Amino acid sequence: MAIQLEGKVAIITGASSGIGAATARAMAKAGIDVVLVARRRARLEEVAKSVRDLGRSAHVIVGDVSDMRHVAAVLDEAENHFGRFDIVFANAGYGMERPVHLMEDTELRAMFEVNFFSSVALLRESAKRLCAAKRPGHLLMCSSCLSKFSMPNLGAYAASKAAQESICRAMRFELAADHIEVASVHPITTTTEFFSESSLRSGTQGASIPEHAPKWFIQSPDRVADAIIACLRRPRSEVWTSRIVRLSSALFTAFPWMLDMVLRREAKRPSRRRAHSPKATAKVP
Ligand SMILES: NC(=O)c1ccc[n+]([C@@H]2O[C@H](COP(=O)([O-])OP(=O)(O)OC[C@H]3O[C@@H](n4cnc5c(N)ncnc54)[C@H](OP(=O)(O)O)[C@@H]3O)[C@@H](O)[C@H]2O)c1
């Protein structure tokens, strides 16, 4: 039987744009109240307004997820405001397109801090609180289809997403007896600010990925949000939004030479061979 979502409370990080904002609206439509977390207050307030327009409550928390003190503060504030939380979606993250050998160690660590360590910290602390209160819950992390197959210039990002998937799989079974569901979300190319932000951080010029990706490989953030709602209703370990990419990733795992063939051809495309500046011009540190 499908789980009823009406009246539940969800915490979403990276809720100021893209997949996080779309998920907040989809959750509101499903009857869920939301706590929205990110660094840009004005953008969070816009999302909060759209949630309230849909008839649900929204509470905004401004902060950087890589500040570990923030984790307990976010959960405390959610509990103070709504009395509890039931769902946590660790979605904040970013990418960088750069060959691994041209990345600074600090850049690599900063990416893992946001994409991996902050997501793990949030889900761990959430799990501890849900277990202590003996309450069921649903914990999700926004990974990527690249968790299954790395690509040139996206090696560090893919590694952070593979680490997320790996830890979600273990947590899912560690927490099963406590009635806490855990899932990783694996979007394909999604039309969000991700690519402009990534290009800014990478110091790359030229077409962003959606411009040279095949049309069937591009989707809207609403599509990802709908798949997340479906998972909340009928829990599963991985949320996928493209059957063809999911099947391809299974083939690539079984026959790695197939992936090598695809990547060799991809590496020859001029847009893939563009110069990568060793210094990023990131918007944020
Ligand atoms: N777009 C894609 O093709 C794609 C594909 C697969 C997976 N994903 C994953 O989807 C997730 C959401 O990305 P998106 O596509 O929706 O991109 P987006 O529109 O750029 O959203 C990223 C969100 O993360 C927040 N964020 C980034 N760093 C943060 C930090 N240090 N502290 C707090 N918030 C932070 C941003 O908010 P502020 O800037 O306001 O802090 C923003 O709300 C990411 O984990 C990404 O890896 C995206």
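If the requirement is being within 30 Å of SER196 (Cα to Cα), surrounded by fewer than 17 Cβ atoms within 10 Å (Cβ to Cβ) and not basic (Lys, Arg), which of these qualifies: ASP76, ASP67?
ASP67
Which of the residues belonging to the range 88-110 are of a type outside the set (S, T, N, Q) and surrounded by fewer than 22 Cβ atoms within 10 Å (Cβ to Cβ)?
Result: TYR94, PRO99, VAL100, HIS101, LEU102, MET103, GLU104, ASP105, GLU107, LEU108, ARG109, ALA110.
Return only the number of the condition from (1) over 27 Å from ARG234 (Cβ atoms); (2) near the ligand (Cβ under 8 Å from one of its atoms) that ALA15 does not satisfy.
(1)
If the requirement is being over 30 Å from LYS134 (Cβ atoms), within 13 Å of the ligand (Cβ to nearest atom) and exposed (fewer than 14 other Cβ atoms within 10 Å of the Cβ), which of these qualifies: SER196, SER220, SER242?
Residue meeting the stated conditions: SER196.
Considering only residues that are over 15 Å from the mean Cα position of the chain (by Cα) and open to solvent by 30 Å² or more (accessible area, probe 1.4 Å), look in the range 149-166 and name the one that is farthest from the ligand (Cβ to nearest atom).
PRO152
Applying the selection to the range 19-55, what residues are part of a loop (DSSP other than H, G, I, E, B) and surrounded by fewer than 23 Cβ atoms within 10 Å (Cβ to Cβ)?
ALA30, GLY31, ARG39, ARG40, LEU54, GLY55
The values are calculated or read from the model by the stated rules, or taken from the named source; none is laboratory data. Predicted model only: the values in this text are computed from it and were never measured. Because the Cβ atoms are built from the backbone with ideal geometry, glycine has one as well, and the counts that use them run over all protein chains shown. These area figures cover heavy atoms from the full protein model, side chains too; ligands, DNA and RNA do not enter into them. Shrake-Rupley method; radii C 1.70, N 1.55, O 1.52, S 1.80 Å.
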